[in-house]
Amino acid sequence: AMLDPDSGLSLTIARIVQRLKGSSLHAQLERQARVSLHKPEIKLESLKEDIKDFLKTSGWEKKLQNAVYSELNVFPSPCHPAAPPEHMKEPLAYMRKAQGSWEKRILKSLNSMCTELSIPLAQKRPISEQKELLNKWNEMGTDEPDLSLFRPVYAPKDFLEVLMNLRNPNYENGEQPSFRNHLGLIQVPLKVKDILELKEDFSELGLNIGQLGIDDSAQVPPEFFENEHIRVGQKVLAEQDSAAAQQYVRQGCPTALRADLWALILNISNQPEDILYYEQLKSNVIQHDLLVDSLIYKDVKLTASNDDYYFVFEDYLYQVLLCFSRDTSVLEHFTYSSATPPKSYIRGKLGMEEYAVFYPPNVNYNSFILSVAPLCFLYHEPSKLYQIFREMYVRFFFRLHSISSHPSGIVSLCLLFETLLQTHLPQLFYHLREIGAQPLRISFKWMVRAFSGYLATDQLLLLWDRILGYNSLEILAVLAAAVFAFRAVNLMEVTSLAAAE
């Protein structure tokens, strides 16, 4: 049920106030206000107004605006007060159920691996091992543990199978006429945008608007677009306004400004307390050994070490991922994610809540690594790199690994991709389907990894500019369909899935 706008707004305001109250920003603002009392320009008779003016001129008001904007971007708008809490996670019961059984399957796979290898999910490292790990923290890549027995928890194609089997129990097969003619692999009736709606939503990507990465190429004299765009970008950074930065990156980020613009959009400032938090996670890694450590290790070895671009960042990848697997603040995103944090118990204490450890967010670690690697090009300071990655994960990437009806969720992206192809390139779609090369079988891994590992890094970062700029992953499905359109003539000639690939 929709709320009337006024009560919806006041609920949103109340929630944001509540969330900011516990933040370090709140404490800083209070401190600043107190300091300002000693300033000569602050008069007792106009105290409230004078303090407000002081906070405005000293830049604190902007920081508060950015924090509010960040909250609005991450959390969904409030549900109707009468709606049960799980609706905030996912309104469709059958999606919640499917996500639940997928999680069980992953946990089962982890547990059976523990049993087979007789390794606990979590254990304290002996002191000698702790020292050793601390000493080689910056060169973990040199280690060569034998990980042949560890296997990936699941592959993208297993996840695709699950999504293909999703059904809405309220529809008898093909009862809904508009949906009956969907010939793709995804068989759930979700509302996805058509070309007109996409054109309107992504209006800044219109052909008449300059794009970085295209219009600064040799054919166009760069001074027309690029120089002006860089000038505007510097102004946006000087203003320190998250909303302006988000609007700006829709046309792409100049390489030199990208790291700062992304940090501004994601509202990451790398304060002393953030650095401290990262250090705490690091000490947790050093003290406790988790089963996922070996999985992360194996995947980094398989993924990054074989990649010409990313192998130089191998140590960064271990640091970020090992810390991420210990980070309980990530659990907050489960209030608006269809997923539930997996729990496991310290050996011998099964079922005793105080010994329950939240096991890392269930992720296909492999596609996970690929979502950290490109960020290593932008951030060289581990605690900042870590915060940016965590924020990208809780805003965007988790949606690629969980089953939900959200427009940026992987199910909607698959459906959007198939619908675009079937509507706009029906002959191609039909041809590929006939030869057993359903287009989604090819594009699924591109989308589930947000194209990381499939595009050169400079192109990938231009794509991710747009994800941040529109606060949406829908662009992934549009790009995937565009790649098929671009290759349509060749694809009409192929006769097998392998050839299409």
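The values are calculated or read from the model by the stated rules, or taken from the named source; none is laboratory data. Values in this document were obtained by computation on a predicted structure and should not be read as measured data. Because the Cβ atoms are built from the backbone with ideal geometry, glycine has one as well, and the counts that use them run over all protein chains shown. Ligands, DNA and RNA are stripped out before the accessible areas are found, and what is left, the full protein with its side chains, is counted by its heavy atoms. Shrake-Rupley method; radii C 1.70, N 1.55, O 1.52, S 1.80 Å.
At 0.36 nm per residue, minus the direct Cα-Cα distance, what do residue 191 and residue 104 gain on full extension? Give it in nm, one decimal, please. Numbers along the way, then the final one.
On the way: separation 87, 0.36 × 87 = 31.32 nm, distance 2.79 nm.
Additional length available on full extension: 28.5 nm.
Calculate the translational D of region 5-73 in whole µm² s⁻¹ from Stokes-Einstein, where the hydrodynamic radius comes from the Kirkwood formula applied to all Cα pairs, the temperature is 20 °C and the viscosity 1.002 mPa s. List each step's numbers first, then the result.
Working: Rh = 13.3 Å.
Rounded, D is 161 µm²/s.
Please report the orientation-averaged projected area of region 360-463, defined via the convex hull of its C-alpha atoms, in nm².
On the way: hull surface 30.9 nm².
Approximately 7.7 nm², given one-decimal rounding.
Once label points are set 7 Å from the Cα along Cα→Cβ at both residue 183 and residue 280, what is their separation, rounded to one decimal in nm?
5.6
Past the 19 Å Cα-Cα mark, which pairs from 131/282; 21/62; 124/301? Provide the component values of the computation, followed by the final result.
On the way: 131/282 13 Å; 21/62 17 Å; 124/301 24 Å.
Correct reply: 124/301.
Write down Rg/Rh for region 419-458, rounded to two decimals, with Rg from the C-alpha atoms and Rh from the Kirkwood relation over Cα pairs. Could the numbers behind the result be given before it?
Working: Rg = 12.2 Å, Rh = 11.3 Å.
Ratio of gyration radius to Kirkwood radius: 1.09.
Pop the C-beta distance of residue 208 and residue 57 into the FRET formula with R0 = 56 Å and round what comes out to the nearest 0.05.
Working: r = 39 Å, r/R0 = 0.70.
Efficiency at R0 = 56 Å is approximately 0.90.
Once you charge only the Cβ atoms, +1 for Lys and Arg and -1 for Asp and Glu, what is the size of the charge dipole of region 5-73 about its Cα centre, to the nearest 20 debye?
Working: 12 positive and 9 negative charges, 54 e Å.
With Lys and Arg at +1 and Asp and Glu at -1, about 260 debye.
What part of the accessible area of the chain, given as a whole %, is carbon or sulfur when the probe is 1.4 angstrom? Write down the numbers at each step before the final one.
Details: 14140 of 25020 Å².
Result for the chain: 57 percent of the exposed heavy-atom area is carbon or sulfur.
Per residue, how many Å² of accessible area does the chain show with a 1.4 Å probe? If you can, show how the numbers build up before the last one.
Working: 25020 Å² over 501 residues.
Per residue, the chain has 50 Å² of solvent-accessible surface.
How many nm separate the modelled label positions at residue 488 and residue 501, each set 7 Å beyond the Cα in the direction of the Cβ?
Result for the modelled spin labels: 2.6 nm.
How much length is gained if the chain between residue 48 and residue 35 is pulled fully straight, taking 0.36 nm per residue apart and subtracting their Cα-Cα distance, in nm to one decimal?
On the way: separation 13, 0.36 × 13 = 4.68 nm, distance 1.39 nm.
My answer for the length gained is 3.3 nm.
For all pairs of alpha-carbon atoms in the chain, what percent lies in each bin of width 20 Å, listed from the first bin to the last filled one?
20, 53, 25, 2, 0
Quick check: pseudo-label points 7 Å beyond the Cα along Cα→Cβ at residue 17 and residue 335, how many nm apart are they?
My value for the distance between the label points is 1.6 nm.
Can you give the local net charge around residue 413? Use residues other than it whose beta-carbon is closer than 9 angstrom to its beta-carbon, Lys and Arg +1, Asp and Glu -1. Write out the running numbers ahead of the final one.
Values: positive: 399; negative: 474.
That sum, taken over residues with Cβ under 9 Å, equals 0.
Could you work out how far the C-alpha centroid of region 400-470 sits from that of region 315-342, in angstrom?
25
Roughly speaking, what is the stretch gain from residue 137 to residue 454, that is 0.36 nm per residue apart minus the C-alpha to C-alpha distance, in nm to one decimal? Don't skip to the answer; put the middle values down first.
Details: separation 317, 0.36 × 317 = 114.12 nm, distance 2.94 nm.
Full-extension gain reported as 111.2 nm.
List the pairs from 48/89; 193/445; 63/136; 63/157; 89/445 whose alpha-carbon separation is above 32 Å, in the order I gave them. Please report the intermediate quantities before stating the final value.
On the way: 48/89 40 Å; 193/445 21 Å; 63/136 38 Å; 63/157 43 Å; 89/445 25 Å.
Cα-Cα > 32 Å for 48/89; 63/136; 63/157; rest within.
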